[in-house]
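J.: Just dropping this structure here.
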Amino acid sequence: MYNILLTDDEQIVIDSLTMILSKNFEGQIALFSASSGAKALEIARSGGIDIIFMDIHMPGMNGLETISLIKQINPNIAIIILSAYDQFQYAQEALNLGAFKYLTKPVNRNLIVQTARDAMNLVDSERGKLTDSIELHQKLSVVSTMVESDFIYSCVFNNNATDFSEYLNYFGIEGLPYFFACVEISGVSNDKRYDVYVKVRDVLSSKCRCVTGSFMGDRIGVFFPLAQNENPGDLIKEIYTLLATKISGKVKIGASKTERDIKNAQGAYNEAASSLAKIPDDGGIFLYAEENPSSEKNFSEDSMLEKSLSKLIAAVKAGNALGAQQGSKDYFECLKAARQGQLDKIKGGLFESLVKERSAASQANPNFKDDGASGDFSFFAQTNNLEELEKYFSERSVECASAASLSKNGEENPIVQKARKFIDANLSDLPSLEGLAEIMGVSPFYLSKLFKEQTGETYINYVTSARLEKAKKLLADGALIIKEISAGVGYNDQNYFSKLFRQKYGETPSEYRSRMLGKGDGE
């Protein structure tokens, strides 16, 4: 089965592609559709899309911008461009971004079928490579997992009676300094335990060479050999950030000081467990005190940072979107000062804050599902511009606060309220979804999601309905001619306005006016 996304702002194109593909690949495909780049990105983020047919020129985010973002999410998606523009630079840029094929409209039916079949073959090829890789990895990991768990168990419970030389030789870590960490993940049910363990191992192996034990209660012991100049604090912060993103549950990591003698492994594990006990219930990390000497200046800056973060979390929990917006800016400035402009540490601090904000929003509103959380890590990993980081952090903080506010009064989300008022006041000249999201101080993805949840309509459909409802009132009033009404509600093309009006109400604007006023057509 192949999941195919059809993206075009003209419904007739989507309908035509649906008919062609359904007829030629019956039972082989599942079709999805999007009328904008933002919607296509939202669907692609949800996972499972194999092939995308994409128009270049669409309102808001165009096709090339959308391709760039989608390829960052899943580089294996086969993207087929369908465009009325045959300029070389468009085709060149699309292919440079990773598009599979560039076709110009109108496209022959047979060419669409053949291109879709070629894309399916490409998808099959990528699936085959992935399957072979997974099978080999699984065979090797069974043995490795058993040896690693036995090593950790010996460090923790049988330290004096164990000859560690064979273990260290097997892992290739003889003579290296090391530290121990205890990773605690609370709230994991027994049926999810293995899945969480696999995720933890995947995260750890993606960042460093280490030896990972199995679950002991709700804790996993991890032995970290250190390469030259490798900093335990930076490593643990990166790992915490990754785990907090990928695992649903409160994550804590306590770490020991650095050791050299393997005979001290049991003591190092106990230090890590002691560090773990000092972490508050909402999660976080704690490194053994000897690893973290701090000057009086750093202590003062960290104190200010804690206060600004507490203020931000309080605003989120209270559902105060305006307070969260200002609090996020204050925290960002404090974080820059405390981390002396070091980008990786700033990004780590922002991510940790978002984890706590989501937790606060969930406490205030148990029904809160933060769909945007899946994009946090990829954004921070790919973005190195401080202004973009601050803007994203502010948007996400406002989103968490607005979600928390729903449980405070049971009323419509304040962001949707504000957006609806703006739309009603500016029907003749409305921005795209991306433009409105900028005005509201949230991400386009979140605003689109809110509109769908709160109104039952997409942003585009809501705007269309609002414009046509206003047009009905103006038509019934009789003071303006239909051309003026069309322009006044945002449609410079009167024929297009009439077509939309008829689709929604079953009669043309002139017919509606005649019926309401008992006059001629008024055209």
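The values are calculated or read from the model by the stated rules, or taken from the named source; none is laboratory data. Because the structure is predicted, anything quoted here is derived from the model rather than measured. Cβ coordinates were reconstructed from backbone atoms using ideal geometry, including for glycine residues, and neighbour counts include every protein chain displayed. Quick note on the areas: whole protein, heavy atoms, side chains included, nothing else; ligands and nucleic acids left out. Shrake-Rupley method; radii C 1.70, N 1.55, O 1.52, S 1.80 Å.
J.: Please work out which option in [x] 68, 24, 20; [y] 52, 30, 18; [z] 45, 30, 23 gives semi-axes √(5λ) of the Cα gyration tensor in Å calculated from these coordinates, and answer with its label.
T.: So the structure-derived entry is [y].
J.: Whose amide H sits under 5 Å from the amide H of F32, counting only residues 5 or more places off or on another chain, with H placed in the peptide plane?
T.: Those lying under 5 Å, H to H, from F32 are I4, L5, L6.
J.: Using the reciprocal of the averaged 1/r over all distinct C-alpha pairs, how large is the Kirkwood radius of segment 375-506 in Å?
T.: Answer for segment 375-506: a Kirkwood hydrodynamic radius of 16.6 Å.
J.: Exceeding 20 Å between C-alpha atoms, which entries from my cross-link table qualify? They are K237/K257; K307/K356; K257/K347.
T.: K257/K347
J.: Can you compute the modelled spin-label distance between D218 and R515, with each label point 7 Å from Cα toward Cβ, in nm?
T.: 6.2 nm
J.: Given an 8 Å cut-off on Cα distances and at least 6 residues of separation, report the relative contact order of the chain as a percent.
T.: 9 percent
J.: Cross-link candidates for K101: which lysines have Cα within less than 21 Å, leaving aside residues fewer than 8 places away along the same chain?
T.: The qualifying lysines are K71.
J.: Here's another thing I want to ask about it. Take the alpha carbon gyration tensor of segment 385-462, find the square roots of its eigenvalues, order them as a ≥ b ≥ c, and report rounded if a/c is under 1.5; if not, report prolate when a/b exceeds b/c, else oblate.
T.: oblate
J.: Would you mind getting me the FRET efficiency between D344 and K192? Use the beta-carbon distance for r and R0 = 45 Å, nearest 0.05.
T.: About 0.90, to the nearest 0.05.
J.: By accessible area of protein heavy atoms, probe 1.4 Å, what ranking do E387, E93, E395 get, highest first?
T.: Accessible-area ranking of E387, E93, E395, largest first: E387, E93, E395.
J.: Let me ask you something else. Near K421, which lysines are there with a Cα under 16 Å away, not counting those fewer than 8 places off in the same chain?
T.: Here the lysines satisfying the reach criterion relative to K421 are K470.
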